[in-house]
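For reference, the structure is listed below as C-alpha cells.
The values are calculated or read from the model by the stated rules, or taken from the named source; none is laboratory data. Everything numeric here is computed off the predicted structure, so don't read it as measured data. Every residue, glycine as well, gets a Cβ built from its backbone with ideal geometry; the counts of neighbours run over all protein chains shown.
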C-alpha cells in the first residue's frame, strides 16, 4: 500500500462522527507496534479513550512480551522504563504472578486463527457463535531452565489471547486504513460502532473478521496491510488484509470494512448483536 505517513484531516471524529469536538491524531497502526502512519485531527477525546483502553490491554497483556523482546517501546505511559515485568505462573493454588527482569521475560506471539469469513463466500447470514478458535504461536526468549534457577518458576504462563479485544484491534486498524485511503465520505463504514462496543463477549465483530484466503505477502516486513475489493451480487465490498508481525508468518486476516458509496447497508450488517 501507499507508504505515506500522514493523511488528510477527516473534519470529524472517524468513530462517532462528532464534528464539533476537539479532535486529535489517530495512528492507523498503533505506535506501540511500530506504526508511523497518522490521520491528523481524527478522533474525539471520548472515542480516543475508549479505543485507547482496548489497545492498551492488547499492548500490555497480549503483546507485552513480544514488544519488549523486539524493542517496540510505544509512547505515553508505556515509557516507564520498567526493568521488571510481571509473569503469570501456575501454582498449586491457581495462577500467580512473579516479577521477572526485562531481559529474562518470555515472549510469545499468540494470535487466533479463524476460518475464511462467510461474507467472502457470499453467505449473508451471521454465523452461529462457536467456541474459541485455534491459535498460531511463535515463541521468543523462553528459557525454562533460567526461569527455574533464577526465579523458582516451574510453569510460566507465557501467552494469552484477548479474543474480543483482538477483533476490535484489527477492526480499528482496518477502519483507519479505509478512512485514510478513501476519505471519511468515500465509503459506507461498517465497523465504527463495533470498534466502540465495549460489551464483554460481544459477537458484533464475528461476522466481519476472519482469515484471508488471499496469498500472504512475498516480501516480509514488520507488518503488512492491503486494501482489497470484492463484488457480490452487484455490491462492492471493501475489506483490508492485515498481517501483523508478518516477519514471523502470523495469520493474514481479512476485515470487512465498508461498502461502495451509496450502497444500502445489508440487514445482516446493521445489528450490533
How many residues are part of a loop (DSSP other than H, G, I, E, B) and in contact with a strand residue (DSSP E or B) (Cβ under 8 Å, 6 or more places away or on another chain) when one looks only at segment 10-35? 14
Of everything in segment 221-240 that's surrounded by fewer than 14 Cβ atoms within 10 Å (Cβ to Cβ) and not in a strand (DSSP E or B), which residue is nearest to the chain's Cα centre (by Cα)? 221
Within segment 134-149, identify whether any single residue is within 30 Å of residue 237 (Cβ to Cβ) and modelled with pLDDT under 80, and answer yes or no. no
Just checking, does segment 199-218 include any residue being within 27 Å of residue 87 (Cβ to Cβ), outside any strand (DSSP E or B) and in contact with a strand residue (DSSP E or B) (Cβ under 8 Å, 6 or more places away or on another chain)? no
Is there a residue in segment 88-99 that is in a helix (DSSP H, G or I), surrounded by fewer than 15 Cβ atoms within 10 Å (Cβ to Cβ) and modelled with pLDDT of 90 or more? no
Number of the condition not met by residue 60 [criteria: (1) under 24 Å from residue 158 (Cβ atoms); (2) at pLDDT below 85; (3) surrounded by fewer than 19 Cβ atoms within 10 Å (Cβ to Cβ)]: (2)
Look at residue 244 and say whether it is farther than 18 Å from residue 15 by Cα, surrounded by 15 or more Cβ atoms within 10 Å (Cβ to Cβ) and either at pLDDT 95 or above or over 14 Å from the mean Cα position of the chain (by Cα) (or both). yes
Can you name the residue in segment 219-230 that is touching a strand residue (DSSP E or B) at 6+ places or on another chain (Cβ under 7 Å) and without any contact (Cβ under 8 Å) to a residue 40 or more places away in the chain and, of all such residues, is farthest from residue 122 (Cα to Cα)? 224
Here are some conditions: (1) touching a strand residue (DSSP E or B) at 6+ places or on another chain (Cβ under 9 Å); (2) modelled with pLDDT of 80 or more; (3) closer than 30 Å to residue 258 by Cα. Residue 66 meets all but one. Which one does it not meet? (3)
